[in-house]
Amino acid sequence: MMEPGHVLVTGGAGYIGSRLCGALLHQNWRVTVLDSLLFGGESILAYLDHPRFHFARVNVAEEALGSHFAGVDAVVHLAAIVGFPACQAVGPQVARQYNVEATKRVFDAADSAGARRLVFASTYSNYGLSPDGAPVSEESPLTPQSLYAETKVEAERFLLEQAADAGCAPLLYRFATLFGISPRTRFDLIVNQFVLEALTKRELVIYQRGYARSFVHVGDIVQAILLGLKAAEETVRGQVYNVGHESGNYRKDEIVALIQRHVPATRVTYKDLSFGGDMRDIRVAFDKIRQRLGFHPRTSVEAGIVEVRDAIQQGLIQNPLDPKYRNAQFIVQ
């Protein structure tokens, strides 16, 4: 079992990273964050005076990394152009630079510095469509439907090729669609976005009504990362895990029904228009992470809807319509 030591988090000021930092510090890790601050740094201000926290403004896709990795025991690589709209906005060349080449640079720096483990943030978008309707597992074929997923598949392939011989053990996590509040909340994710639109517009326009997705709370993602950092090496080296729970498998119209329960008087219009891009229609199996790492999510989708609603209504998030809460819109500003 790996004991708390020095962990470096790329993208540590982001949606997952900003919440992860607090949890790591609480569990006695020494934390170094590398982030280019594309979305600002307010999310990590509360950690700056912590004696075990260090921040460096670094673009991991372009700048020298070696000195920042000295003495690091583990790396959590979250920095990326996240989501198919954001990748489409920057184009294939930039998306590959940040999602594939940067992953190679971070892994090489970690391995050269003697880090023992790297946790990589990937996505269940890699599965694309489920041809037979059965839940996809880690052994299911990858049929990415978007540029974002294509870059993640390529980065995964590189890391898995390193697993046999590198000193640094790569662990690949395919996250379900996230929801919930963090120090840097996003409102371009289905649950969060639908709650915001229900509150501000009292109306939802839903495409791909019957399409199924899988959802997991951002806080539960943090718990999965902590488990991955502490687990025995033989359970993580070169392993791929879907991160979520079967109870988080929902169709879009089921999510809408939950939102209408907690944001009354929300009108709903369904449209069949296909807009291309990330056309996932899948349910996901999570047996492996439950059985091997003991992962059990704590926050249901319905509880997350209430959490997001209350945070907006109580003014905990100022101006949630600001583009900075949406990756693609902010990138193209």
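Since every read-out is calculated from the coordinates, none of them should be taken as a lab result. Computed from a predicted structure; not experimentally measured. With ideal geometry, Cβ positions are generated from the backbone for all residues, glycine too; neighbour counts draw on all protein chains shown.
Take the Cα gyration tensor of the range 110-191, multiply each eigenvalue by 5, square-root it, and list the three semi-axes largest first, rounded to whole angstrom.
Semi-axes, largest first: 25, 20, 11 Å.
With unit charges on the beta carbon (Lys/Arg positive, Asp/Glu negative), name the residue among Leu8, Leu20, Gly304 whose Cα is farthest towards the positive pole of the charge dipole of the chain.
Gly304
Mind listing the long-range amide H neighbours of Ala212? Cut-off is under 5 Å, sequence gap 5 or more, other chains count too, H placed in the peptide plane at 1.01 Å from N.
Excluding prolines and chain starts, which carry no amide H, the hits are Ile282.
Could you list which residues have their amide H under 5 Å from that of Gln239, counting only those 5 or more apart in sequence or on another chain, with H placed in the peptide plane?
Leu172
Sequence gap of 8 or more, or different chains, plus Cα separation below 28 Å: how many lysine pairs satisfy both in the chain?
16
According to the square roots a ≥ b ≥ c of the eigenvalues of the Cα gyration tensor, what is the shape class of the range 104-260, taking rounded for a/c under 1.5, prolate for a/b larger than b/c otherwise, and oblate for the remainder?
Judged from the Cα gyration tensor, the range 104-260 comes out prolate (a/c at least 1.5, a/b above b/c).
Dividing the convex hull volume of the Cα atoms of the chain by its residue count, what figure in Å³ per residue is obtained?
It comes to 124 Å³ per residue, whole-number rounded.
Tell me, what is the Rg over Rh of the range 183-333, with Rh the Kirkwood radius over Cα pairs?
Reported Rg/Rh, Kirkwood definition of Rh: 1.00.
What is the fewest-to-most order of His54, His245 by other Cβ atoms lying within 10 Å of their Cβ?
Least crowded to most crowded, the residues run His54, His245.
For the range 28-136, place one equal point scatterer on every Cα, skip the solvent, and apply the Debye formula. What is log10 of I(q)/I(0) at q = 0.14, 0.16 Å⁻¹?
These q points yield log10 I(q)/I(0) values of -0.67, -0.84.
Let me spell out the model: positive unit charges on the Cβ of Lys and Arg, negative unit charges on the Cβ of Asp and Glu, origin at the Cα centre of the range 75-169. What dipole size does that give, in debye rounded to 20?
The calculated dipole for the range 75-169 is roughly 320 debye.
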